[in-house]
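The values are calculated or read from the model by the stated rules, or taken from the named source; none is laboratory data. Since we're looking at a predicted model, the values are computed, not measured. Positions of Cβ are backbone-derived with ideal geometry, glycine not excepted, and every protein chain shown enters the neighbour counts.
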Ligand code: GLC
């Protein structure tokens, strides 16, 4: 196979030492200085915005980039005129998002004039998990919505976070941690375009992506949803994902509204402050300058890219729930950063704002939350918010602002066009899971692989080898190599979707004609092989289920590695994981180590690197710690096993 070259080199300035207060990223992204508060923001903001506008004009090169980003403000007059015709019940309906799993009656979409439906984790069509069933479900709900008095369609959201990953047969791309290792914003944009297309194929017009968290402690279960521990790299790739998902302005029927999430500080919580005294949904205890420099920084680029919606986070900032923090949601996000799309809460996140639900709703809406992912007890939510308005505890001006924001986005997505068609574009089915889309995913797998060690010419594998022995439960498992948020909320080991290629299948397909490829999960049968490829990794997980206090390889992988090592053949280790794992104890046993992260359905990309058809170019977007006590990025004086930016390649 001809050597597959990576596109022309890109430059990316990410000086990883604690970045100066003003962090600049080249490469087409906006050069957006971020200065710490407090400053006379009116003056500074005017300068910053002028600078951003100036640089944006200078940086944009392609015609697509020259297209103005999504600009809902252009529809402000139309939105306000429509708000002027709405009853309070219709306004509050627009602010209500319901998970279709909990719809008591489809007629409730009309009865309450609901503004949005989502399929949260594990919320599948009752008719089963197929493109056709998803599309029929969407069309049924959307058909109800346009029968309401004002015929306002649903903005319909799904967690398409690495492809349209809920639907069997969709292409599943590498999770963001792998895309961070590519440093390839053009590739990330293309992946997002395909994700949008395969999402629209089922009708949904809104993706709860990209996650632009900046994980600072890889023991957090959502680390793999982050592009990097470095805010500038996250900013660059997050903006690329927004542009790919949304396309030009306005958003057409092959693109979707994007969601920058979870604002702010989701990746900076302190161990012990989260669920089960771990990290997820915990408290981010940093000063304002640090919050801005690390966790808010990527939102500046996402907003400049025109992101339609932003999802405030579960976590707290210095003890205050962000989803009820008026300073962050209104003063900073909507004021200083000039975000004019709408804020969608996280799943039941409003409930956490106060022990009394009605009080929690009032605090969050007054803080600036525009739409609430209730998503189950929607009648209660609607009744309580109605009471709050009637009691004067939530001003009508806040309701009108929220609904105006929501409708501006719907206008800018073309949902409000006269004669809006509630059907999905059935022609998109032909490209769903297509070979063309899978080829892009395979390229992403190639570029995301990071070569950590390679001695005695262990890699690339020889195509004249007599026998290659492959080991490990993660070697032949689409579910493990796809990770969480794949078909199931938590993901699941096993053959969970169609059209994928496991690492073992890919090695078999890529090996030389005379090479025998054998396999055992436990490492038995390795004796006599020319080389043993041991695939170790983590089982799938999502959110709080993935919080870990240690990062050791699991016992079955350690045993399989020991069995392989006993065979006295060269050992190549491939790591399939959502974060750097504790491999220091086994590093000496391996002649080569390749980090493949969570590659998704196209395991062929791993084999392309193993056989040298693609020379590895991936660079770590997270520091690889020597031990678990180094997992916190700011850990003083840590001496990592492999530093941020590390990655080897093959000699010419
Ligand atoms: C989850 C996640 C969020 C996701 C939402 C809808 O709890 O925090 O990332 O978009 O709920 O599934």
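Looking at 517, 533, which is the one that is under 21 Å from residue 449 (Cβ atoms) and surrounded by 24 or more Cβ atoms within 10 Å (Cβ to Cβ)?
Details: 517 fails: surrounded by 24 or more Cβ atoms within 10 Å (Cβ to Cβ).
Unique residue meeting the criteria: 533.
Go through the stretch 482-500 and give me each residue that's surrounded by fewer than 24 Cβ atoms within 10 Å (Cβ to Cβ) and not in a loop (DSSP other than H, G, I, E, B).
488
It is to be established whether one or more residues within the stretch 141-163 are more than 19 Å from residue 347 (Cβ to Cβ) and within 16 Å of the ligand (Cβ to nearest atom).
Just the residues of the stretch 141-163 that are more than 19 Å from residue 347 (Cβ to Cβ), to begin with: 142-153, 163.
Filter again for within 16 Å of the ligand (Cβ to nearest atom), leaving 163.
Within the stretch 141-163 (the criterion being more than 19 Å from residue 347 (Cβ to Cβ) and within 16 Å of the ligand (Cβ to nearest atom)), the answer is yes, since at least one residue qualifies.
For residue 598, which of the numbered conditions (1) in a helix (DSSP H, G or I); (2) surrounded by 19 or more Cβ atoms within 10 Å (Cβ to Cβ) fails to hold?
Every condition holds for residue 598 apart from (1).
If I filter the stretch 361-373 for residues that are over 26 Å from the mean Cα position of the chain (by Cα), surrounded by 17 or more Cβ atoms within 10 Å (Cβ to Cβ) and within 16 Å of the ligand (Cβ to nearest atom), do I get at least one hit?
Pass one, the stretch 361-373, residues over 26 Å from the mean Cα position of the chain (by Cα): 361-363, 366.
Right, trim to surrounded by 17 or more Cβ atoms within 10 Å (Cβ to Cβ) and you get 361-363, 366.
Of the ones still in play, those that are also within 16 Å of the ligand (Cβ to nearest atom) are none.
Checked the stretch 361-373: no residue is over 26 Å from the mean Cα position of the chain (by Cα), surrounded by 17 or more Cβ atoms within 10 Å (Cβ to Cβ) and within 16 Å of the ligand (Cβ to nearest atom).
Yes or no, residue by residue, for (1) free of Cβ contacts under 8 Å to residues at least 40 places away in the same chain; (2) in contact with a strand residue (DSSP E or B) (Cβ under 9 Å, 6 or more places away or on another chain); (3) more than 15 Å from the ligand (Cβ to nearest atom):
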residue	(1), (2), (3)
292	no, no, yes
297	no, no, yes
306	no, no, yes
310	no, yes, no
314	no, yes, no
319	yes, yes, yes
322	no, yes, no
326	no, no, yes
329	no, yes, yes
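Which residues, taken from the stretch 401-422, are farther than 20 Å from residue 92 by Cβ and without any contact (Cβ under 8 Å) to a residue 40 or more places away in the chain? Reasoning before the result, please.
Our first condition is that a residue be farther than 20 Å from residue 92 by Cβ; within the stretch 401-422, this holds for 412-414, 417-422.
The answer is 417, 418, 419, 421.
Of the numbered conditions (1) within 27 Å of residue 643 (Cβ to Cβ); (2) part of a strand (DSSP E or B), residue 580 fails exactly one; give the number of that condition.
(2)
Of all residues in the stretch 184-214, count the ones that are more than 22 Å from residue 409 (Cβ to Cβ) and either within 14 Å of the ligand (Cβ to nearest atom) or out of contact with any helix residue (DSSP H, G or I) (no Cβ under 7 Å at 6 or more places or on another chain) (or both).
Residues of the stretch 184-214 more than 22 Å from residue 409 (Cβ to Cβ): 184-188, 190-191, 194, 213-214.
Of the ones still in play, those that are also either within 14 Å of the ligand (Cβ to nearest atom) or out of contact with any helix residue (DSSP H, G or I) (no Cβ under 7 Å at 6 or more places or on another chain) (or both) are 186, 213.
Total meeting the criteria: 2.
Scan the stretch 268-275 and tell me whether some residue there is away from the ligand (no atom under 16 Å from the Cβ), buried (at least 24 other Cβ atoms within 10 Å of the Cβ) and at pLDDT 95 or above.
So in the stretch 268-275, the residues away from the ligand (no atom under 16 Å from the Cβ) come out as 270-273.
So of that shortlist, the ones also buried (at least 24 other Cβ atoms within 10 Å of the Cβ) come out as none.
No, there is no match, as no residue in the stretch 268-275 is away from the ligand (no atom under 16 Å from the Cβ), buried (at least 24 other Cβ atoms within 10 Å of the Cβ) and at pLDDT 95 or above.
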